[in-house]
Amino acid sequence: MSDTSHGTGGLTFDKSKRQWPNELNVLAALFLIIGIFEVLGAIFVGQSLLFDSNDRFDSIFNEQRLRIIIIQVAIVGIIALGVTQVIITAGIDLSSGSVLGATAMIAMSFAQVSVVNGNPNPKAIFGPAFLDLPVIVPIFVGLGCGILAGIINGILVAYSRIPPFIATLGMMLFARGVAQWWSSGNPVSFPTESYAKIGAGMMPVIIFLALAVLFHLVMNYTIYGKHTYAIGSNEAAARMSGINVPRHLVLVYAIAGMLAGLSAVILTSKNLTAQSGMGLSYELDAIAMAVIGGVSLFGGRGSIIGTVIGALIIGVITSGFTFLRLGAFYQEMVLGCIIVGAVALDQWQQKRAAAKA
Amino acid sequence: MSDTILETSDLTKHYGGVHALEGANFVLKRGEHVAIMGDNGAGKSTFVRQITGVEQRTRGTVVFDGEKVNFAGPLDAREAGIETVFQTLALADDLNVPDNLFLGREKTKWNFLGPFRVLDYKAMRADTIAGLEKTGVKIPNIKNTIANMSGGQRQCVAIARTATFASKLTIMDEPTAALGVQETAQVENIIRTLKEQGESLILVSHNMRQVFDLVDRIIVFRRGRMVANLNKEDTNGEDVVSYITGAKTGAEYEGAA
């Protein structure tokens with residue numbers, strides 16, 4: 001034990017031990033990746049990725065591409081907000097993509113119009129009593145389905161002590177089965193006009209960012225957020241401190257399920273149809289966003305801001321490869337490397353911090 | 001208000017056929033610091049676990065603060081005013097000092113929001129600083145997470161937790177077992193501060209020097225039974241060792257073990 005740098009018992013102020021917010025690292029990574037694409041773009045395509053390089057418009061940024069970057073990650077981003085909270089409790093949610101699929105089919109069935117181009121709706125699932133319902137009905141059905149799936153996940157994880165990986169893997173298969181069974185694999189289409197507005201245009205982005213702000217506040221300033229971090233950090237300590245750990249876990253998984261249900265509503269509204277294959281592998285994209293954003297799979301560490309930046313990183317990479325006119329397979333290879341790299345870097349930093357303390 | 005804070009009579013714990021604790025009659029006065037010593041497996045930790053409600057006793061009564069108590073769990077004991085610093089630290093590594101101090105009993109506002117009620121960081125921070133001052137604990141930056149602190153600092157945080165909440169009795173189970181020399185000194189200073197403030201304390205320790213430095217009275221356990229109850233002034237290290245090893249048994253405990 002060195003007594004010169006720390007004083008007695010290591011109890012004097014040591015500037016080198018001040019903590020550097022992890023989100024800044026992720027943000028730096030985002031800027032680095034943008035920088036790489038700008039350079040590559042200037043060399044190979046002769047264009048800028050984010051800035052306006054077209055003389056016909058006088059704006060600073062290439063607004064169209066910015067819009068595409070964020071809109072393509074918004075819906076998975078909403079799922080990632082919930083997955084982030086689950087991972088912070090040291091859990092995992094593999095079911096969100098399938099829950100989205102099942103919820104899409106069910107919610108859309110309550111959003112159908114009775115008359116399409118003067119003919120009765122050919123895709124109607126229910127009888128006339130369930131057509132032309134007010135928009136609030138499919139929204140609540142969608143949120144309800146998501147919450148129900150989340151509560152089942154939560155109960156399995158919290159009370160039966162089945163590992164989260166297995167419990168949500170079961171839900172993943174089950175929910176996908178429900179999605180296919182619901183209409184025997186047929187798409188559910190033709191929503192009401194008001195339902196179609198939910199996910200139109202930039203609405204997914206607005207909803208994503210509003211929810212990100214909301215959950216950032218919830219995770220940092222409410223007892224819910226504090227207990228979520230505490231459980232992921234040291235579950236035994238949380239239990240000994242009087243936190244009702246199982247009840248809290250059910251709440252966290254329910255919120256994650258609700259967000260998956262909400263993204264189903266937005267996605268079906270945007271696409272004007274629901275298909276049983278919707279949301280395939282979204283759970284992995286959402287986990288990737290969280291992990292790239294610095295959320296630790298061991299629990300206790302990470303933040304909503306990190307996940308939002310992680311989502312933007314994925315958005316930039318996806319757009320960047322299209323912009324460089326490279327195939328999608330390169331993009332997946334690079335994403336794979338980035339995920340592994342992000343976790344490796346995080347591990348290394350943790351070790352270094354532990355060695356310093 | 002009587003001047004006895006804790007009294008156990010015939011406190012007994014059997015694990016199946018193993019008699020881990022047998023008929024312990026123990027009295028602790030308000031403001032008194034008592035050490036519990038004994039060999040491994042002598043029943044020290046078992047004794048503590050019965051008082052703090054971590055385990056349910058086989059037989060006997062516990063009177064705490066003038067009332068017979070039956071704690072269903074450690075939380076009940078904490079609510080009644082018994083704060084325990086466990087051998088394994090019950091701290092959340094990724095949270096900072098105030099968060100850990102108030103874990104499970106956070107100060108909140110806007111309570112109508114239920115599980116989403118808002119944390120009162122300002123009040124918790126103020127109370128944390130007051131608690132740290134009261135115990136004389138110096139933490140460079142209370143906003144640092146526990147993960148970035150040394151073992152001594154962590155133990156200090158765990159102990160400061162007992163001082164932040166007006167507890168009636170503090171129990172420490174080997175608080176310095178895993179610490180270095182300087183960190184041990186720091187923890188011992190905190191214990192002295194608690195003594196000055198009239199806090200009652202039970203200290204489980206193996207460290208003879210520490211015990212003679214800090215406490216008023218020494219209780220020795222051997223093979224599940226109390227075998228000595230010694231005032232610090234009337235005894236010395238050699239004497240205590242002979243009770244621990246079984247060379248001697250206190251007159252009032254003759255035939256016990």
Assigned charges on the beta-carbon of Lys, Arg, Asp, Glu; region A:62-351 dipole about Cα centre (debye):
240
antiparallel share of DSSP beta bridges within chain B, to nearest 5, in %, is 55
Inter-chain shielding of B:99-107 (mean C-beta neighbours from other protein chains, 10 Å cut-off):
5
Only Lys, Arg, Asp and Glu count, each charged at its Cβ (+1, +1, -1, -1), so figure out the dipole size of chain B about its Cα centre, rounded to 20 debye.
600
Of the residues A:Asn117, A:Gly261, A:Leu345, the Cα lying farthest along the dipole of region A:62-351 towards its positive end, which is defined by charges on the beta carbon of Lys, Arg, Asp and Glu, belongs to A:Leu345
To the nearest 0.05, how large is the calculated FRET efficiency for A:Ser281 and B:Phe112 if R₀ is 41 Å and r is the Cβ-Cβ distance?
0.50
Set Lys and Arg Cβ to +1 and Asp and Glu Cβ to -1, take the dipole of region A:111-265 about its Cα centre, and tell me which of A:Phe126, A:Gly144, A:Leu169 lies farthest positive.
A:Leu169
Dipole of the protein assembly as shown, positive direction: furthest Cα of B:Leu132, B:Asn111, A:Gln47, with charges on the beta-carbon:
A:Gln47
Could you work out the mean count of beta carbons from other protein chains within 10 Å of each residue's beta carbon in A:218-224?
6
Compute the distance from the alpha-carbon center of region B:127-155 to that of region A:162-183, in whole Å.
45
Rank by packing, highest mean first: peptides B:226-234, A:89-97, B:245-253, A:66-74, with packing defined as the count of other Cβ atoms within 10 Å averaged across residues.
A:89-97, A:66-74, B:226-234, B:245-253
Semi-axes a, b, c in Å (a largest) for region B:41-181, each sqrt of 5 times a Cα gyration tensor eigenvalue, come to 27, 21, 13
Give me the Å³ per residue figure for the convex hull around the C-alpha atoms of region A:30-180.
207
With angles folded into 0 to 90 degrees, how steeply does helix A:63-88 sit against the dominant principal axis of chain A? Use alpha carbons for both and round to 10.
70
Kindly provide log₁₀ I(q)/I(0) values, in the same order as q = 0.07, 0.09, 0.14 Å⁻¹, from the Debye equation applied to equal alpha-carbon scatterers of chain B.
-0.25, -0.42, -0.97
From the square roots a ≥ b ≥ c of the eigenvalues of the alpha-carbon gyration tensor of the protein assembly as shown, which class results: rounded (a/c under 1.5), prolate (a/b over b/c), or oblate?
prolate
For A:Gly293, enumerate residues with amide H under 5 Å from its amide H, sequence gap 5+ or separate chain, H modeled in the peptide plane.
A:Gly310
Tilt relative to chain B, helix B:121-135 - C-alpha long axis, 0 to 90 degrees, to 10:
40
Could you list which residues have their amide H under 5 Å from that of B:Phe221, counting only those 5 or more apart in sequence or on another chain, with H placed in the peptide plane?
B:Met37, B:Gly38, B:Val227
To the nearest 0.05, how large is the calculated FRET efficiency for A:Val39 and A:Leu214 if R₀ is 30 Å and r is the Cβ-Cβ distance?
0.25
Angle between the Cα long axis of helix B:181-196 and the longest principal axis of chain B, 0 to 90 degrees, nearest 10?
90
Using Cα springs under 10 Å in a Gaussian network model of chain B, which residue among B:Phe64, B:Phe86, B:Phe112 shows the largest mean-square fluctuation?
B:Phe112
Fewest-first sequence of A:Glu193, A:Glu23, B:Glu106 by Cβ atoms within 10 Å of each Cβ:
A:Glu193, A:Glu23, B:Glu106
Shape of region A:62-351, Cα gyration tensor, a/c cut at 1.5
oblate
Highest GNM mean-square fluctuation among B:Ala185, B:Ala35, B:Ala160, for chain B with Cα springs under 10 Å, belongs to B:Ala185
Other protein chain Cβ atoms within 10 Å, averaged over every residue that makes up B:177-183
3
Using the Cα centre of the protein assembly as shown as the reference point, and only Cβ charges (+1 on K/R, -1 on D/E), how large is the resulting charge dipole? Debye, rounded to the nearest 20.
640
Amide proton proximity set for B:Lys13, modelled H, under 5 Å, gap of 5+
B:Ala20, B:Leu21, B:Glu22, B:Gly23, B:Thr58
Kindly state, to the nearest 0.05, the FRET efficiency for B:Asp213 paired with B:Arg30, given R0 = 22 Å and r defined as their beta-carbon distance.
0.55
GNM of chain A, Cα pairs under 10 angstrom: of A:Phe208, A:Phe37, A:Phe51, the biggest fluctuation goes to A:Phe51
Once the other residues with Cβ under 15 Å from the Cβ of A:Ala102 are scored (Lys, Arg +1; Asp, Glu -1), what is the net sum?
-1
For chain A, averaging the sequence separation of alpha carbon pairs under 8 Å that lie six or more residues apart and dividing by its residue count, the contact order in percent is 29
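Only the coordinates and a few stated rules stand behind these numbers; no lab work does. Keep in mind that this is a model prediction, so the values were computed, not measured. Neighbour counts run over all protein chains shown; Cβ positions are idealised from the backbone, glycine included.
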